[in-house]
Amino acid sequence: MATFKQLDEFLDDSLDLPVKCTNGETRVFHIAGPSAENGLRVEKLMETGILLASDPEARPDAAVLDDLAELDLYRAALGAAYDDLLASVDWPRFRHVALTASLWISQGLEAAQAFWDAGGDPSQAGPANREQRRASSRAAKSTPSPASRSGTSTRRATSRARKATPN
């Protein structure tokens, strides 16, 4: 029978995010892992939001992610840090922290860190760490260049009509 390590030995169950407050001071806000119920709620709301972003015509199972649902998502993701953040930072920073926490809950630490480091702009998110950047660089260098764009030989093709016509 397999023996598992104690979950707390390796599970990252909180985030510590440095944020510049409205008073100019930079503080580290501690975002604790959500309850199981809130974690499930965050995952469902994120899935709905991703579905609607990828296909505006989609009919999600849950209610559309309106302003009230978005605030509920933020409260569920931020937990006890919600009120402190709301009182201490401006809207762009509050939203960025809340979305980072939501991504951490729904997609994991690497996705959250990539979002955080990209300033919330997915087009700026690259590989999450040095190992991934090196791996993608090695893959690009080791991919052979095709001999031709179409993948065919350099011999000229003869059309069927020309082949069928006797000389």
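One residue alone among 115, 94 is modelled with pLDDT of 95 or more, in contact with a Leu (Cβ under 8 Å, 6 or more places away or on another chain) and of a type outside the set (A, V, I, L, M), and that residue is 94. Only a single criterion out of (1) surrounded by fewer than 21 Cβ atoms within 10 Å (Cβ to Cβ); (2) over 13 Å from residue 17 (Cβ atoms); (3) within 18 Å of the chain's Cα centre (by Cα) is not satisfied by residue 105, namely (1). For the range 2-24, a tally of residues being assigned to a loop (DSSP other than H, G, I, E, B), open to solvent by 90 Å² or more (accessible area, probe 1.4 Å) and farther than 21 Å from residue 107 by Cβ returns 6. Sub-7 Å Cβ pairs linking a first residue in the range 91-117 that is farther than 17 Å from residue 79 by Cα to a second residue that is open to solvent by less than 30 Å² (accessible area, probe 1.4 Å), at least 6 apart or interchain, are 111/103; 115/100; 115/103; 116/100, ordered by first then second residue. Is there a residue being of a type in the set (Asp, Glu) and at pLDDT 90 or above anywhere in the range 1-11? No, there is no match, as no residue in the range 1-11 is of a type in the set (Asp, Glu) and at pLDDT 90 or above. Number of residues in the range 94-118 that are of a type in the set (Gly, Ala, Ser) and closer than 13 Å to residue 45 by Cβ equals 4. Of the listed requirements (1) surrounded by 12 or more Cβ atoms within 10 Å (Cβ to Cβ); (2) modelled with pLDDT of 95 or more; (3) not acidic (Asp, Glu), residue 28 misses just one: (1). Selection over the range 68-91 of residues that are surrounded by fewer than 16 Cβ atoms within 10 Å (Cβ to Cβ), modelled with pLDDT of 75 or more and not charged (D, E, K, R) gives a count of 4.
Of these, 65, 45, which one is in contact with a Ser or Thr (Cβ under 9 Å, 6 or more places away or on another chain), assigned to a loop (DSSP other than H, G, I, E, B), at pLDDT below 90 and aliphatic (A, V, I, L, M)? Spell out how you get there, then give the answer.
Working: 45 fails: assigned to a loop (DSSP other than H, G, I, E, B).
Residue meeting the stated conditions: 65.
The values are calculated or read from the model by the stated rules, or taken from the named source; none is laboratory data. None of these values were measured; they are calculated from a predicted model. Counting neighbours? That spans all protein chains shown, and the Cβs are built from the backbone with ideal geometry, glycine included. For the accessible areas, the whole protein counts, side chains as well, though only heavy atoms, and no ligand, DNA or RNA atoms are used. Shrake-Rupley method; radii C 1.70, N 1.55, O 1.52, S 1.80 Å.
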